[in-house]
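First comes the structure, then the notes that go with it.
Every number here is computed from the coordinates shown, using simple stated rules; none is lab data. Please read all numbers here as calculations on a predicted model, not as lab measurements. Backbone-built Cβ (ideal geometry, glycine too); neighbour counts: all protein chains shown.
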Amino acid sequence: MQLSIPAQQTSGQPNRWILILRYMRRNKSLVVGLAMLAFLLIFSIGGSLLIDTSTRAYPLAAPAVQPPSPEYPLGTDRDGRDLLAVMARGILLTGSIGVMAGTIGLVVGVIVGFVAGYYGGWIDSVIRWLTEVLMTIPALILQIIIASTIVDKNKVTIFTMAGVASILSWMGTARIVRSQVLTLRERTFVNMAKLSGMGNLEIIFRELMPNMLPYLAASFVGAVMGGIGSSFGLEILGLGPAREPTIGMTIRWAQFHSAIFNRWWWWVLWPSLVLIIIFASLSLINRGLDEIANPRVRRSE
């Protein structure tokens, strides 16, 4: 008698996209943060396509101090800039500063953290001592000193701001990466990789780096926030790119011309609102990524 073995039924496991959607439904912070950031990008890119931001975001492009109207939906400032064009271009410029500063801070922090955590010994001791010493220095004060050495403020660009804003921004990432690498390098899969003949760089990039991606993503978002915050602080003090309509410089010129006392409320309202949305979206994204990277705060379905 021949026994018939029943065919295995399909397990009905949902595909990857359904699992991602289910997780996104649980991780509301990440979803809301990404939605807010997408809104800013759509507004900025769409506005740049509909409006000539290369001219209308700069002085003498419109009548000065015009309140919001059908012709100028967000109004104009004292220098004759269309604030709708200023916001559209300013979001891209401010975001560019944050992304460039965050990238510099992340790359330097990852290199320093991996070298200290993986190789250990006196290298780790020197890097840890240097990091602890530098963390006692207020970053904003050092950035003000460096930015103030530029005599001609018209030569300050968004690249200059990104470079200044990235100073000392690598330390937080370096500490996080170092602590994670110290834990991962003792795992079994790392020892097996060494026994199989893999080199140090191959182990770092093929074995350790993939396990660090959630932490690196969260660190990058935090570095972008830090870069935007640092550049905003310098711009408010008048050390930013005077010719560029960044969000920080827009608020700086509104403060310089006493927009609140002159009741030009729209000049202060729109850049302040945009800045709040930027920091709120990045903060929510960072919180959502931290939930992915940290199993202690991860929700179950």
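Things to note:
- Net length available on complete extension from F159 to M135 is 6.2 nm, with 0.36 nm assigned per residue and the Cα-Cα distance removed.
- Over all pairs of different C-alpha atoms in segment 199-281, the reciprocal of the mean inverse distance, the Kirkwood hydrodynamic radius, equals 15.2 Å.
- Euclidean distance of C-alpha centroids, segment 17-96 and segment 214-290, integer Å: 13
- Adding -39500 (n - 2.57) for every DSSP H run of four residues or longer, then dividing by how many residues the chain holds, sets the calculated 222 nm ellipticity at -22000 deg cm²/dmol.
- Here the label points at L201 and S69, each 7 Å from Cα along the C-beta direction, are separated by 6.3 nm in the simple model.
- Cα Rg over Rh - the chain, Kirkwood: 1.11
- Between S179 and Y119, the simple label model (points 7 Å from Cα in the Cβ direction) yields a spacing of 2.3 nm.
- Burial ordering of R175, R25, fewest other beta-carbon atoms within 10 Å first: R25, R175
- M192/S283 FRET efficiency (R0 51 Å; Cβ-Cβ; nearest 0.05): 0.85
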